[in-house]
Amino acid sequence: MTDVADVAPEPVAGHVRLVYLGPVSPHWDFISEFGDAKVIEQFKIRAAARLLLLPPHDPQFRRNRERIIRDAERENLRLDWDLGYDEEDELLDEVVST
């Protein structure tokens, strides 16, 4: 059996908010409130490549969003999404319609 030591979680290295701008390109804006500029800029480049020309209603968006979330976790970045609508309402609508 493995002992799990009480290790304090590392502090958040930075914050990035991804904002959906709408159907006209560019679709996405990346807003950073704090953190190492170099780390955040590298993250933005990778995330922008995954989101290029991809609106939130596209089926590929969900797969790429999960990849972006995992990337942010590896970099210890806090990530917020602003898609312009309440995501919980959309999930509820999907459950009701099926």
**Q.** Separation of alpha-carbon centers, region 19-36 and region 41-61, rounded to whole Å
**A.** 10 Å
**Q.** All-pairs Cα distance distribution in region 25-82, expressed in whole percent, bin size 5 Å
**A.** 4, 18, 33, 26, 14, 5, 1
Q. Magnitude of the Cβ-charge dipole of region 5-63, K/R +1 and D/E -1, about the Cα centre, nearest 20 debye?
A. 320 debye
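If R₀ is 22 angstrom, what is the calculated FRET efficiency for the pair W81 and K38, using the beta carbon separation as r and rounding to 0.05? Can you show the working numbers first?
Numbers: r = 23 Å, r/R0 = 1.04.
The pair W81/K38 has a calculated efficiency of 0.45.
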Q | Per residue solvent-accessible surface (Å²) - region 20-93, probe of 1.4 Å | A | 67 Å²
Q | Net charge contributed by nearby residues that have their C-beta within less than 12 Å of R17 (K/R +1, D/E -1) | A | -2
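The values are calculated or read from the model by the stated rules, or taken from the named source; none is laboratory data. A quick note: this is a predicted structure, and the numbers were derived from the prediction, not measured. Quick reminder, even Gly has a Cβ in these numbers, built from the backbone with ideal geometry, and neighbours come from all protein chains shown. For the accessible areas, the whole protein counts, side chains as well, though only heavy atoms, and no ligand, DNA or RNA atoms are used. Shrake-Rupley method; radii C 1.70, N 1.55, O 1.52, S 1.80 Å.
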